[in-house]
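To keep things clear, I will list the structure first and then write my remarks on it.
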Amino acid sequence: MVRVPPHERLVLDNGATLILLPRREVPLIGVQVLLRGGSAADPPARPGVASLVAALLEKGAGARDAYAFAETVEGAGGSFSAVAGPEAIAVRSQFLARDQDLMLELLGATLRAPRLAAEEFEQLRVRQIEFIKAAKDSEPAELLDAYGRAVLFAGHPYAQPVHGSERSLAQVTHQDAREYYRAQFGADRLIVVLAGDLDMPRAEAAVRDALASWPRAAVRAALPPARTLAQRRVLLVDAPGAAQSHFWIGAAGVERKYPRRAALDLVNTLFGGRFTSLLNAELRIKSGLSYGARSSFMRGTVAGEFAIRSFVATASTTRAIRLAQQALERLHRDGVSEQMLASARAYTLGQYALGLETAADWAGALADLEFFGLGVEDIDDYPARLAEVDPTLAAAVIAETFPRPENSTLVVIGDAERIGAQLAEFGPIVSMRLTDPDFVPGATGDEARP
């Protein structure tokens, strides 16, 4: 049975939250740090700043420049990474227990005294622009979420691409990154979780010494609920000559605190969360149109999106989209059986246990609970809640959380000349070019092309 191990939770006077979870199985310590804000705190019209600041956290802090910082981490056989998400910057690290003091020294320096060097900033900014261009050339599926959220959440922070766009990154300055750090980094935004073979008194003392005098950040406004339009919309991103079409069907979903999480996980597993899912069966197993199709929920402090993603040969674009929508309609019409739920339950429990094996896993799990204001019962009671899900409860969750095709947003990256006219059956079309430097039509100053 998976249960949250005994741990300590402390809140420092400056608002920083520290969680210590001892696990003695192996001499490793895993660290998960969350700093509230993320890309939702990016300057207006300049998404990508938080992502660049997160990347800069790996490029030197305190007395160590980028080379010395990396050499110190690698020399100790450790790992250290930082990444921005929609609502937080996350820092993940793992070290041998004998290097606990070094790890905490690096962590404190990273948070309180990052170098934020101008030359490192410029290299990262250019590299991120090149990554977006490369994805457009060879892996457009990597950009589907950015296009989909830009349309679905227009006017909300979730609409901003976490890693920026070519246009926004070209405009972001080193001063923007420094200002983001000044305004958004502070003790009251901070969650630090240490899990593993800890020397508990020394760990607490070291964190207090590093962070207790860190001031609070500026006042942060709560993320507003996202307002999405419940109507058909189609965004066609023209990729002339493309041999394949990548498509995304999305609609408003639910927040992380959604109370029927266990039932939602089982239903999504059955619909589009595993190889034998209903969605994958239609698009890959039965028809052979795609190498894979999946569905997922992005759940934040407010409702994110439910999305279906797949790709097919250009000639099969509209057929594949119809099959995906028909699978969604069948889910609403037929629901799921007890036999299907039993299969999904066994699969989900197996994956659940595997995701909570290491100290680093537990550091991430406890940080998640703290960030979303959830209790340990969210983990402890999860298997029991899975067992309670029956077809009636599943039907209620389907009605509450899975959209109807007519109330969804469709994004297609493909050859407009070959598929544009056919896509009209799915709703009013707005077009843009894959080469446009933003993820939203009209942002370049051009008129949307019908």
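Coordinate-derived values only; no laboratory data. Worth saying up front: this structure is predicted, and the values here are computed from it rather than measured. Glycine also receives a Cβ, built like all others from the backbone with ideal geometry; neighbour counts cover every protein chain displayed.
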Would you work out the charge dipole size for the chain about its Cα centre, treating the Cβ of every Lys and Arg as +1 and the Cβ of every Asp and Glu as -1, and quote it to the nearest 20 debye? 820
Determine the relative contact order of region 126-242: mean sequence separation of Cα pairs under 8 Å and six or more apart, normalised by residue count, in whole percent. 29
Once you have the Cα-Cα distance between E406 and S213, take 0.36 nm times their residue separation minus that, and quote the gain in nm to one decimal. 64.1 nm
Using a simple spin-label model with points 7 Å from Cα along the Cα→Cβ vector, what separation in nm is obtained for R178 and A313? 5.6
Return, ordered by residue number, the residues of region 154-187 whose backbone nitrogen is under 19 Å from a label point located 7 Å along Cα→Cβ of Q231. 154-156
Just need the relative contact order of region 319-415 here, percent rounded to a whole number, with Cα pairs under 8 Å and 6+ apart. 52
Near Y158, within a Cβ-to-Cβ distance under 12 Å, what is the net charge of the other residues, with Lys and Arg +1 and Asp and Glu -1? -2
Taking Cα pairs closer than 8 Å and at least 6 residues apart, the relative contact order of the chain in percent is 22
Taking the convex hull of the Cα atoms, report for the chain its projected area averaged over all directions, in nm². 21.3
Rounded to the nearest 5, what % of the DSSP beta bridges within the chain are antiparallel ones? 75
What is the calculated FRET efficiency for H332 to K286, with r their C-beta to C-beta distance and R₀ = 22 Å, to the nearest 0.05? 0.65
Compute a Gaussian network model of the chain, connecting alpha carbons closer than 10 Å, and tell me which residue from A50, A135, A365 fluctuates the most. A135
Full-extension gain in nm, A63 to D390, via 0.36 nm per residue minus C-alpha separation: 111.9 nm
What spacing in nm lies between the two simple spin-label points modelled at L354 and A76, each 7 Å away from Cα in the Cβ direction? 3.1
Centre separation in Å (Cα based) which lies between region 289-349 and region 384-415: 8
